[in-house]
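Have a look at the structure below, then the notes.
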Amino acid sequence: MVPGRVVQGAQLELRDVATNDVRKAETQAQGVHTFPNLSLGKYRLTVSKTGFQTQLFTDVVVEAAKTTDISANLKVGAITETVEVSGGSAPLVETTTNSIGTTIDMKQIEDLPIQSRDIGQLSQLIPGYSGGQTNIGGTWNGLPSIDQGNNIDGIVGSSSRMKFGGNSAPAVTPRLESIEEMTVQTEQLDMNQGFGQASMQINFVTRRGSNAFHGRVFEDFRNAALNANSWNNDALTAIDPSNPQTKNPVKLNDFGGSIGGPIRKNKDFIFGSIEMWRERVPFSVVADVPTMDLRNGQGFSAVPSNIFDPLTSHTCVAKVDVSSCNSIYIRDPFPGNAIPQSRMSPIGKKILSYFPVPKYSGQVNNYIADTGGVYRYDQPIVRWDHVFDDFNRLNVLTSYQWGQEFRNSTGIPGQGASGNIWTRRQPISISANYTHFSHLYIFDVRMSFSRFSQTFPNVDKNGELTAQALGINGITRANSSPFNSPPRVTLDQYSN
């Protein structure tokens, strides 16, 4: 514009510094023009008009879920004269929309030691948040959890529209290496941002390739050898020096990297990242295992109760079997309170073979195992951007996570282990965004597919412990069960 007047027909050229993508337009009758659907990043804006000096803005920064307003003051002069404006000319106060939000500065975040590299948890630092250290059960500005939403590259990131537990976290948790920017909007969302389903929105924008290759690698290594002992352990050692408390074991490796660049300069760009998590968490389990003298059926003489033969059931006769019959039927005890080997079930013997030898005396709490937990996660993310021409753009994003956890809650080693044995978690998300520009309209199509699957086999599904291995035949496995595991055997009231 000219001071006091608007300039119609000024030529605009907006150039993406990273990809050299150029958009051209001219100002309308009111002296304004809007460039919609821009990828975030740094741009160069050139404003020219015959009879006026050309004005060049070199540091135009575009952020997610935010409108960047640029005011150009054209001065009379030759078009070959150029006035360069640098240092950022976008206003600090948002004047285009009344939405309230905060943009997380990724440049500062990259220098912080973020545990698990999950940047979604940083949304809890936004004013108005109340809750715990995870966003489960947390809320922003008192809004209910079902009023929370999220998107990745402008597409809903949740795997389910059932929002009873809140939807501030996507199906595939975004990682530091793959995200260019995160914006948290807490009030006054328009339909384009909340999709009519949320009043609080977390927006993630993934990194993209550029005309130059860039990459990074990282390793988060933690080990007890690098840690000081805890204050509590030091205090216990000071109280009882004869029983020093050692450092709590820690073994964790979180490593990976990212790379992005051109497939064809100015046309095709690729970006990919991967994170791999390996962790071992020690913990002990106290269990009850059968003593050796009970396994052969001969050690019940020390038990202060009779072991009855189920094949001797007969009608109770008062004054003959017992002094007074409390039931119609009664059984005879095994002679000597010992079970003959011929009467022991081969299936029962096979089950007993999976129990370890007791480590301590007694019939209960006689086995302690340091089972620990084993955690493994792999998460690759790939984004492809393609420029057809000056009017057509396409980007496709694929993100996936393969997670496996092992927690033996019984302490029984080997095939007899039980608990969260090799729990598997496999979320996946695929999205595509196609945009066509013209002087009259914008055609924008966004599609996505997300799925979150998780299995709790509670046994090692790759193991050899099956019903047939125990000698149990004739069992029909349900079609809904993917595992050929044996039926569960539970011994209750064992300690009684």
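The values are calculated or read from the model by the stated rules, or taken from the named source; none is laboratory data. Owing to the predicted nature of the structure, the values given are computational and were not obtained by experimental measurement. Cβ placement follows ideal geometry from the backbone for every residue including glycine, while neighbour counts extend to all protein chains displayed.
Okay, here's what the table says:
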{"read-out": "Unique match (being of a type in the set (S, T, N, Q), surrounded by 15 or more Cβ atoms within 10 Å (Cβ to Cβ), at positive phi and at pLDDT below 75) among ASN141, ASN167", "value": "ASN141"}
{"read-out": "Within segment 197-253, tally of residues that are closer than 23 Å to ARG278 by Cα and assigned to a strand (DSSP E or B)", "value": "12"}
{"read-out": "Yes/no for ILE307 being more than 26 Å from LEU465 (Cα to Cα) and surrounded by 12 or more Cβ atoms within 10 Å (Cβ to Cβ)", "value": "yes"}
{"read-out": "Condition met for ASN150 (at pLDDT 75 or above, among the polar types (S, T, N, Q) and within 15 Å of the chain's Cα centre (by Cα))", "value": "yes"}
{"read-out": "Residue that is farthest from ASN392 (Cα to Cα) [pool: residues in segment 1-53 that are in a strand (DSSP E or B), touching a Ser or Thr at 6+ places or on another chain (Cβ under 9 Å) and among the β-branched types (Val, Ile, Thr)]", "value": "VAL47"}
{"read-out": "Residues satisfying the stated conditions in segment 299-318, i.e. under 54 Å from the mean Cα position of the chain (by Cα) and more than 18 Å from MET344 (Cβ to Cβ)", "value": "ALA302, PRO304, SER305"}
{"read-out": "Failed condition for ALA228, given (1) under 28 Å from the mean Cα position of the chain (by Cα); (2) exposed (fewer than 11 other Cβ atoms within 10 Å of the Cβ); (3) not acidic (Asp, Glu)", "value": "(1)"}
{"read-out": "Candidate set from segment 445-480 (those that are exposed (fewer than 10 other Cβ atoms within 10 Å of the Cβ) and of a type in the set (Ser, Thr, Tyr)); member that is modelled with the highest pLDDT", "value": "THR476"}
